[in-house]
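Trainee: One structure is given below, represented as structure tokens, and several questions about it will come after.
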């Protein structure tokens, strides 16, 4: 039997967003987040599952959205996602088997192979889809994270009934 998931780790670009980068004259200007994903993350946190972001890029918009959703563990500008996961697991006293993650591209694959339950968004790179235990029906930035949250909440309810 699979260990209960206690932490969900998310990539940002291509997972929480649709992966498009909007640039203005002063650099990155906008990121769009789907409201359904936010509701799912709040519900997941209420159910006792912690949420973290590990992203290779830095963005003040990500920090703001995570603050709004109550996501405390936000790691941006990360070049080694496995090392970031190890530090996070040590801090939270969790094994990687108690973690799930959502990825969409090659930098996410090592992380996806390390956690207990890996998701890829529907429009992920083929290597990320191969590394996933589950591929969402929805693409990144368009409700895929909500799909993951609903799946994890359903798993938790099944465990509670057992």
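The values are calculated or read from the model by the stated rules, or taken from the named source; none is laboratory data. Nothing here was measured: the structure is a model prediction, and the numbers come from that model. When we count neighbours, we look across all protein chains shown, and the Cβ atoms used for this are built from the backbone with ideal geometry, even at glycine.
Trainee: Restricting to the range 140-162, and then to whatever is more than 13 Å from the chain's Cα centre (by Cα) and in a loop (DSSP other than H, G, I, E, B), can you tell me which residue is farthest from residue 32 (Cα to Cα)?
Mentor: The qualifying residue farthest from residue 32 (Cα to Cα) is 162.
Trainee: Hey, can you tell me all the residues within the range 1-52 that are at positive phi and within 14 Å of the chain's Cα centre (by Cα)?
Mentor: Correct list: 14, 19.
Trainee: Let me ask you something else. Tell me, which residue of the range 22-46 that is assigned to a loop (DSSP other than H, G, I, E, B) and free of Cβ contacts under 8 Å to residues at least 12 places away in the same chain is nearest to residue 69 (Cα to Cα)?
Mentor: 26
Trainee: Which ones in the range 70-99 are under 13 Å from the mean Cα position of the chain (by Cα) and part of a helix (DSSP H, G or I)?
Mentor: 81, 85
Trainee: Let me ask another. Identify, by number, the condition in (1) in contact with a strand residue (DSSP E or B) (Cβ under 8 Å, 6 or more places away or on another chain); (2) under 25 Å from residue 125 (Cβ atoms); (3) at pLDDT below 95 that residue 41 doesn't meet.
Mentor: It is condition (3) that residue 41 fails.
Trainee: Can you confirm whether residue 102 is assigned to a strand (DSSP E or B), surrounded by fewer than 19 Cβ atoms within 10 Å (Cβ to Cβ), within 14 Å of the chain's Cα centre (by Cα) and at pLDDT 95 or above?
Mentor: For residue 102, the condition - assigned to a strand (DSSP E or B), surrounded by fewer than 19 Cβ atoms within 10 Å (Cβ to Cβ), within 14 Å of the chain's Cα centre (by Cα) and at pLDDT 95 or above - is not met.
Trainee: Among the residues of the range 107-151, which ones are more than 19 Å from residue 81 (Cβ to Cβ), touching a helix residue (DSSP H, G or I) at 6+ places or on another chain (Cβ under 6 Å) and surrounded by fewer than 23 Cβ atoms within 10 Å (Cβ to Cβ)?
Mentor: Once the filter is applied, which keeps residues that are more than 19 Å from residue 81 (Cβ to Cβ), touching a helix residue (DSSP H, G or I) at 6+ places or on another chain (Cβ under 6 Å) and surrounded by fewer than 23 Cβ atoms within 10 Å (Cβ to Cβ), the range 107-151 yields 135, 138, 143, 146.
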